[in-house]
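The values are calculated or read from the model by the stated rules, or taken from the named source; none is laboratory data. Because the structure is predicted, anything quoted here is derived from the model rather than measured. All Cβ positions, glycine included, derive from the backbone under ideal geometry; neighbour counts span all protein chains shown. Note: accessible area is taken over every heavy atom of the protein model, side chains too, but ligands, DNA and RNA are not part of it. Shrake-Rupley method; radii C 1.70, N 1.55, O 1.52, S 1.80 Å.
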Amino acid sequence: MKPRYQTIRFILGDQLTHEVSSLTDADPKRDLVVMAEPRDEATYVPHHRQKIVLVLSAMRHFAAELRDKGFHVEYFDYQDRPTTSFTDALKAAITTHDIKHVIITHPGEWRVKAEIESWSRKLGISVDLRPDDRFFAPIAAFEDFAKNRKELRMEYFYRGLRRKTGILMDPEGKPVGGQWNFDHDNRKRLPDDVTPPAPKTFAPDKVTRDLLDCVKDDFPDAVGNVASFGWPVTRKDALIALDQFIAHRLPCFGDYQDAMTLRSATLFHSLISPCLNIGLLRPDEVCHAAEKAYHNGKAPLNAVEGFIRQILGWREYVRGIYWYLGPDYGKGNYFNAKRPLPGFFWDGDVPMNCLKQAIGGTLENAHAHHIQRLMVIGNFALLAGLDPQEVCGWYLAVYSDAFEWVELPNTFGMALYADGGKMASKPYAASGKYIDRMSDYCQECQYSPRQNTGPNACPFNALYWHFLDRNADKLANNPRLGMPYRNWARMKDVNKRALIAQADQFLKKLDRGLPDMPQTLF
């Protein structure tokens with residue numbers, strides 16, 4: 001006789017934490033766990049193949065861990081028990097087990113939340129939607145922060161969380177080291193005599209190998225290569241990756257967190273954001289591990305504060321922004337940018353070496369660090385006037401750590417300024433000189449960042465001035481852009497015309513698909 005279960009505990013693919021709110025009071029004797037790999041979730045954007053394998057393998061390992069704890073797991077894998085949606089999987093489980101109550105943790109996307117909220121009406125069940133308490137700040141905390149504020153800046157939200165948690169705070173309630181932010185110390189170019197250590201990777205086990213073998217055929221519209229796959233897919237391996245980062249990469253992370261180099265795609269970055277975003281690691285344990293390294297003299301304060309700020313600051317802040325601004329956030333287009341996404345975003349075949357490295361590395365590894373995403377790829381998309389919807393869809397597809405709650409504000413708000421400044425105080429626009437200052441990419445490029453016009457001029461230079469000129473009505477009064485607009489005003493008209501003509505020529509070529517290179521779609 002089958003057990004009579006009272007409740008379904010529905011676990012999503014980014015909720016792979018044994019302490020997640022939907023499992024905290026679960027009992028194997030009375031609770032049925034349901035997990036699913038719906039076709040719609042794997043195909044609503046052309047996800048990177050490594051991302052698909054990572055999430056599905058981690059889910060299957062997590063289900064096995066739950067079974068080891070005594071739970072019965074109804075697992076709807078896409079191969080043997082295919083479903084199109086979470087709703088279809090839940091309906092099948094309800095039909096089989098005659099259960100009328102579901103407990104689920106708050107999802108990470110408005111789209112999935114809307115689906116969950118339809119279950120009571122569609123399926124005739126009661127749904128307990130619990131808060132996701134794996135973050136430092138509840139969603140309501142950001143709402144409280146945002147009240148009566150004209151500007152929603154990360155720095156002040158971050159300081160509040162530092163005070164609340166006590167992380168990097170001294171006994172008197174002041175920030176350790178006497179200041180909140182050490183960002184000015186973290187903008188160094190990588191010296192020739194510094195070699196970053198290789199990141200920790202993990203050999204795929206049978207579960208992962210089976211997925212790697214079939215992901216290309218089973219998901220023909222997916223993008224990217226799988227040869228370099230070495231992501232942790234279990235909590236055990238994720239903890240090893242964290243320990244390796246703290247011991248070997250964190251000490252130099254701060255100095256070179258904004259650097260880019262041909263010698264290393266990952267430099268001193270942690271590569272644990274996918275583990276955080278699917279639940280294999282918790283943000284509190286990650287921040288405390290970094291803080292401990294500082295107090296034990298294993299890592300300098302600028303490195304530890306810079307790393308903690310990415311998690312306690314940026315990660316919490318973008319989640320707050322996402323839920324606070326509502327489901328229509330991401331539908332605007334402040335600069336009326338409508339240029340289609342160029343084909344080289346899908347194959348990396350582009351003559352500009354910085355883009356070739358950043359996009360090519362993304363397609364190879366499902367990873368790029370924040371400066372490559374923001375100041376190379378995002379900067380180009382901003383200056384070239386690429387359609388925000390297409391750009392956001394690309395970012396959501398190609399990165400292993402990309403879920404809409406974290407991807408959309410970072411891309412739509414931070415990189416593209418498409419929200420008109422709800423998130424960032426100015427557009428993150430820069431010429432090729434910034435890329436040259438922070439990388440060695442330009443040394444191997446056919447274009448020179450020291451030239452503004454002519455056949456060998458870096459396209460970023462003219463595009464930068466073209467962007468400022470065409471958007472002067474929206475940006476000229478921004479106090480943080482006062483200097484570049486004063487420089488533009490002082491420039492001779494003949495030089496202005498040459499820069500605009502140079503940019504126009506490049507953009508026309510871009511619109512033609514850059515005919516000296518193939519335009520390949522996914």
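In this structure the chain gives 42 Å² per residue of accessible area when probed at 1.4 Å with all protein chains present.
Proximity of backbone amide H atoms, modeled 1.01 Å from N, is registered between M169 and V176 at under 5 Å, excluding neighbours fewer than 5 places apart on the same chain.
Tell me, what % of the accessible area of the chain is carbon and sulfur with a 1.4 angstrom probe?
Carbon and sulfur together cover 50 percent of it.
How far is helix 353-365 tilted, in degrees, relative to the longest principal axis of the Cα atoms in the chain, given as a value from 0 to 90 rounded to the nearest 10? It works out to around 10 degrees. Summary of the geometry: segment 5-25 and segment 225-268, compared by the centres of their Cα atoms, lie 29 Å apart.
Across the chain, the mean sequence separation of Cα contacts (distance under 8 Å, 6 or more residues apart), normalised by length, yields a relative contact order of 16 percent.
If you sort the three axes of the alpha carbon gyration tensor as a ≥ b ≥ c, you get a/c of 1.5 or more for segment 53-163 and a/b above b/c, which makes it prolate. Between segment 281-310 and segment 392-451, the alpha-carbon centres lie 26 Å apart.
In whole percent, what relative contact order does segment 365-428 give with Cα contacts below 8 Å and a gap of six or more residues? Don't skip to the answer; put the middle values down first.
Values: 63 pairs, mean separation 21.3, N = 64.
This gives 33 percent for segment 365-428.
Distances between placed amide hydrogens fall under 5 Å for A299 paired with Y294, all partners being 5 or more residues away or on another chain. To the nearest ten degrees, helix 86-97 and the longest principal axis of the Cα atoms of the chain are 10 degrees apart.
Go through D31, D440 and list them by solvent-accessible area, largest first, probe radius 1.4 Å.
Details: D31 0, D440 25 Å².
Result of the area sort, largest leading: D440, D31.
What is the angle, in °, between the Cα long axis of helix 459-470 and the longest principal axis of the Cα atoms in the chain? Nearest 10 is fine, range 0 to 90. With both axes taken from Cα atoms, the answer is about 90 degrees.
Report summary: the helix-based calculation at 222 nm, which adds -39500 (n - 2.57) for every DSSP H run with n ≥ 4 and divides by the residues of the chain, gives -12500 deg cm²/dmol.
In what sequence, highest mean first, do 295-305, 409-419 appear when ranked by Cβ atoms within 10 angstrom? Kindly include the intermediate steps, with their values, before the conclusion.
On the way: 295-305: 18.5, 409-419: 25.5.
For the peptides 295-305, 409-419, the packing ranking is 409-419, 295-305.
Specify whether the C-alpha gyration tensor of segment 243-389 places it in the rounded, prolate or oblate class, a ≥ b ≥ c being the square roots of the eigenvalues: rounded for a/c under 1.5, otherwise prolate if a/b is larger than b/c and oblate if not. The shape class here is oblate. Amide H contacts under 5 Å for Y447: N353, restricted to partners 5 or more places along the chain or on a different chain, H placed in the peptide plane at 1.01 Å from N.
With a 10 Å radius around each residue's Cβ, average the other Cβ atoms per peptide and rank 101-112, 126-137, 165-176, highest first.
Numbers: 101-112: 19.9, 126-137: 16.4, 165-176: 13.6.
So the order, starting with the most tightly packed, is 101-112, 126-137, 165-176.
Over the C-alpha trace of the chain, radius of gyration and Dmax come out as 23.9, 87 angstrom. Our coupling estimate for segment 337-349, obtained by passing each phi through the Karplus curve with A = 6.51, B = -1.76, C = 1.60 and θ = phi - 60°, is 7, 10, 6, x, 5, x, x, 5, 5, 9, 10, x, 8 Hz, Gly and Pro reported as x. Couplings 3J(HN,Hα) for segment 427-444, derived from phi with the Karplus relation 6.51 cos²θ - 1.76 cosθ + 1.60 (θ = phi - 60°), are x, 8, 9, 8, 8, x, 5, 5, 4, 5, 5, 9, 8, 10, 4, 5, 5, 10 Hz, where x marks Gly and Pro.
Kirkwood-type hydrodynamic radius, segment 1-80: 13.4 Å, calculated from all non-identical alpha-carbon pairs. With the convex hull of its Cα atoms as the shape, segment 420-517 has an orientation-averaged projected area of 7.5 nm².
Rg to Rh ratio, segment 155-308, alpha-carbon atoms and Kirkwood radius?
Numbers: Rg = 17.9 Å, Rh = 17.4 Å.
Here Rg/Rh amounts to 1.03.
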